[in-house]
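The values are calculated or read from the model by the stated rules, or taken from the named source; none is laboratory data. Fair warning: this is a prediction, and the values are worked out from it, not measured in the lab. Methodologically, a virtual Cβ is constructed for each residue, glycine included, from the backbone with ideal geometry; neighbour enumeration extends over all protein chains shown. Note: accessible area is taken over every heavy atom of the protein model, side chains too, but ligands, DNA and RNA are not part of it. Shrake-Rupley method; radii C 1.70, N 1.55, O 1.52, S 1.80 Å.
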Amino acid sequence: MSILLEKALASSNSLSDIANKVISNTRLTKEDALRLYQSSDILTLATLAEHQRQIKAGAGKEKYVYYIHNMHLNPTNFCVETCRFCSYSNTLSKSYTWTVEQVLEKARTRIKLGINEIHMVGGLNPKCDINYYETVFRTIKKEFPQIHLKAMTAVEIEYLSNLAGIGYQATLERLIEAGLGSMPGGGAEMFAESVRAKMRVKKTPASTWLEIHGLAHKLGLNTNATMLTGIGENIENKVDHMLLLREQQDKSGGFLCFIPLKCYYDGTTIQNEVSEPTGYDVLKDIAISRLMLDNFPHIKAYWIQLGENLAQVALSFGADDMDGTIGEEKITHAAGAKTPLELAKENMEYLISEAGYIPVERDTLYNIIKVSKENCQTTNVPLEPVLA
Ligand code: V47
Ligand code: SF4
């Protein structure tokens, strides 16, 4: 047992009862999570989360940190919803909607560079109905059968179902038939109704978001889950959000990864009504989610929103995934993120190994593609421009 873990267990430590639960693999309660959020003993929290990360990783993989060579692809930014934190969506006059051929052209450029996943999400646009997405998926899969399509949030599934007048399960079945491989975790925002009301989130309440993920799991799809912070929530809202996800995972078991997100405010009017998460808050979200979501295999430090430096630190707070190379991020950059739009694989490996972990390139379902050598001599390389 490490010295830090022994210190966490010492009876003088105010979190020692929680530390004992973590070591003995006893599920943490809502009260435990609230105490962890209220505590300023961030190093004990990190120690416990790192311990849990290692247990989940399995023997021989304790130091593995995953990343994926992927692209984000957003076919439309027109959206019928008006969530107050969103700077990505636009009204008709300022919006874009790509044709199937334009989507394919974007995909081709990146697929040539060796990506193996397309992460595709977009606004809720009546022009992009289920027929549009079926055609998009089929066209991509016909030309590139090896590419994994991680696409459609539960919010989009709800919208497409309503447009087509069919059930969620029928919508999912049609999209799976067309090539959908898994679903990302977006659109969960904060499940608490009080926060949603303030942020004017009318779409997909918690029960519907969870129902759609449960159905996807039943149909054999893996999915992810997110939680958007910095939108006027309190710590109880965050803990309740995690508890709902943990309960759903107990029932349906198909979540692969949890991603705490952090709001950016450019182009929104909410700055003065909410408190912006600090670095401390972000690290607590990562660590506490690792401890509370004991049935989730992976916790992601999304470098686009955390920044590369904080994402590196998050690896010592329970995160075991740094997401991907991405290609061209639009949603957070529309709201003022200053991180690069993309990172080369070498940069991802550099960040991970500099933080003391072993970079592992993975596919969407966490099958290992390449394990870097333990002391890999990676360097931070400048990116070649790829977009025309
Ligand atoms: O659902 C919207 C959030 C999400 C803002 O599943 C904002 O692997 C910050 O879900 N500032 C999309 N965030 C991103 C997402 C995601 C990202 C990476 C990996 C995965 C995965 C999922 O971004 C939206 C919404 O919650 N968002 N506006 C904003 N101003
Ligand atoms: Fe539309 Fe999603 Fe933006 Fe809400 S967060 S306005 S649903 S694109």
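Here are a few things to note about the model shown:
- Subset of the range 195-220 [in contact with a Ser or Thr (Cβ under 7 Å, 6 or more places away or on another chain), within 15 Å of ligand 1 (Cβ to nearest atom) and in a helix (DSSP H, G or I)]: H213, A216, H217
- Condition met for G167 (away from ligand 2 (no atom under 16 Å from the Cβ) and either open to solvent by less than 50 Å² (accessible area, probe 1.4 Å) or free of Cβ contacts under 8 Å to residues at least 24 places away in the same chain (or both)): yes
- Selection count where residues are of a type outside the set (V, I, T), within 14 Å of ligand 2 (Cβ to nearest atom), touching a residue at least 12 places away in the same chain (Cβ under 8 Å) and surrounded by fewer than 23 Cβ atoms within 10 Å (Cβ to Cβ), scope the range 119-162: 5
- Among the residues of the range 175-194, those identified as farther than 21 Å from V80 by Cβ and in a helix (DSSP H, G or I) are I176, E177, A178, S194.
- Of the criteria (1) part of a loop (DSSP other than H, G, I, E, B); (2) open to solvent by less than 30 Å² (accessible area, probe 1.4 Å); (3) without any contact (Cβ under 8 Å) to a residue 60 or more places away in the chain; (4) not small (G, A, S), which one T47 fails: (1)
- Of all residues making up the range 1-44, the number that are within 15 Å of I286 (Cα to Cα), open to solvent by less than 20 Å² (accessible area, probe 1.4 Å) and among the acidic types (D, E): 0
- Put simply, of G318, G327, G356 the only residue that is modelled with pLDDT under 95 and of a type in the set (G, A, S) is G327.
- The residue of the range 174-186 that is farthest from ligand 1 (Cβ to nearest atom), among those that are surrounded by fewer than 23 Cβ atoms within 10 Å (Cβ to Cβ) and among the small types (G, A, S), is A178.
- Entirely in the range 301-381, the strands (runs of 3 or more DSSP E) that have 2 or more residues that are open to solvent by 50 Å² or more (accessible area, probe 1.4 Å) and either farther than 22 Å from A287 by Cα or of a type outside the set (V, I, T) (or both): 368-371
- Pick from the range 191-214, criterion within 18 Å of V121 (Cβ to Cβ) and among the hydrophobic types (A, V, I, L, M, F, W, C), ranking: farthest from ligand 2 (Cβ to nearest atom): I212
- Within the range 82-96, the set of residues being within 7 Å of ligand 2 (Cβ to nearest atom) and surrounded by fewer than 16 Cβ atoms within 10 Å (Cβ to Cβ) comprises just one member, T82.
- The residues in the range 251-264 that are at negative phi and open to solvent by 20 Å² or more (accessible area, probe 1.4 Å) can be counted, and the count is 6.
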